[in-house]
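A.B. asks: Would you mind keeping the following structure in view while I ask a few things?
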Amino acid sequence: MGKASRKTVLITGASRGIGAATARAFVADGANVALLARSRDAVSDLAGDLGASAVAIPCDVSRYWEIAAAVDTVLATFGRIDVLVNNAGVIAPMAPFGHEDPDAWARTQEINVNGVYFGMRAVWAAMVAAGGGTILTVSSGAASRPLEGWSAYCASKAAAAMLTRSADLEGRAQGIRAIGLSPGTVDTDMQADIRDSGVGAYARLKRSDHIPPDWPARALVWLAGPGGDGFLGQEVSLRDAGIRQRIGLVP
């Protein structure tokens, strides 16, 4: 069995893309996984494919009571939560500054920021009581630099990166390992949405320019283990060739 053997991993946004690939990677490494997403049918189908090691929980991460209830379900099912993967996120609205829909802009913050905080908040007490745990948040290069038409996404990812730093500052002494992963551009439905938008330089990238979802998935498994010990409170970038080599990804 792998390093994740007997761990329980809660993954948000688990119905597709990086989330689904991460679920498969953790199960392959011996973990139990809780799959959270708004898409009830998709997470149910994935849990069915993964077998007894997986449980599907429909959940909107922008509603604290839903994710808190999901955490209770995971604890009742598996008895513990060792790893939280904050993966759920949206990129819309993509529009020039001053032309965004304000309600859509605010909704992005509810999912990408509130959802990350709510996940951290919901697992915190159980992790501290167990002596610690790992909180991994899927970040982005957009957390540290503005991108044309992406003000909502950039602002949300910058806030989520600060939540990682805050969780590390206040949780490390209690055994909490908080790390962000910036995967670069990944061949997912989100990238298809970016291409369709026609907004900014990233809309002009081809599918072949992106890495496959299993790369960040394997990186998250690695960060959940001893490999992540040197990166607590930091944003780890998969654009870094040295990081890719340490994880065992193709350069």
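A.B. asks: Report, by residue number, each residue of the range 148-191 that is crowded, with 21+ Cβ neighbours inside 10 Å, modelled with pLDDT of 95 or more, more than 22 Å from ALA217 (Cα to Cα) and not hydrophobic (A, V, I, L, M, F, W, C).
C.D. replies: GLY171 - this is the single residue of the range 148-191 that is crowded, with 21+ Cβ neighbours inside 10 Å, modelled with pLDDT of 95 or more, more than 22 Å from ALA217 (Cα to Cα) and not hydrophobic (A, V, I, L, M, F, W, C).
A.B. asks: Return the pairs, sorted by first residue and then second, in which the second residue is at pLDDT 95 or above and part of a helix (DSSP H, G or I), the first residue lies in the range 32-47 and is surrounded by fewer than 20 Cβ atoms within 10 Å (Cβ to Cβ), the beta carbons are less than 9 Å apart, and the residues are 6+ apart or on different chains.
C.D. replies: Partner pairs satisfying both residue conditions: ALA42/ALA20.
A.B. asks: Pick out, from the range 1-120, the strands (runs of 3 or more DSSP E) lying fully within it that include 1 or more residues that are within 18 Å of ILE179 (Cβ to Cβ) and of a type in the set (Val, Ile, Thr). If you could, list the steps in order and put the result at the bottom.
C.D. replies: Values: elements: 8-12, 32-37, 54-58, 83-86.
Here the list reads 8-12, 83-86.
A.B. asks: While we're here: Of the residues VAL43, VAL61, VAL55, only one is under 19 Å from SER139 (Cβ atoms) and of a type outside the set (Ser, Thr, Tyr); which? First the steps, then the outcome.
C.D. replies: Numbers: VAL43 fails: under 19 Å from SER139 (Cβ atoms); VAL55 fails: under 19 Å from SER139 (Cβ atoms).
Matching residue, one of VAL43, VAL61, VAL55: VAL61.
A.B. asks: Separate question: Please indicate, with yes or no, whether at least one residue in the range 95-110 is β-branched (Val, Ile, Thr), surrounded by fewer than 16 Cβ atoms within 10 Å (Cβ to Cβ) and out of contact with any Lys or Arg (no Cβ under 7 Å at 6 or more places or on another chain).
C.D. replies: No, the conditions are met nowhere in the range 95-110.
A.B. asks: Within the range 151-162, can you find the residues that are more than 14 Å from ASN87 (Cβ to Cβ) and touching a helix residue (DSSP H, G or I) at 6+ places or on another chain (Cβ under 6 Å)?
C.D. replies: The first filter runs over the range 151-162 and keeps only residues more than 14 Å from ASN87 (Cβ to Cβ), leaving 151-155, 158-159, 161-162.
Within the range 151-162, ALA152, TYR153, CYS154, ALA158, ALA159, ALA161 meet the criteria.
A.B. asks: Return the residues of the range 41-52 that are within 18 Å of the chain's Cα centre (by Cα) and over 19 Å from LEU75 (Cβ atoms); say none if nothing qualifies.
C.D. replies: Residues satisfying the conditions are ALA42, LEU46.
The values are calculated or read from the model by the stated rules, or taken from the named source; none is laboratory data. Please read all numbers here as calculations on a predicted model, not as lab measurements. Quick reminder, even Gly has a Cβ in these numbers, built from the backbone with ideal geometry, and neighbours come from all protein chains shown.
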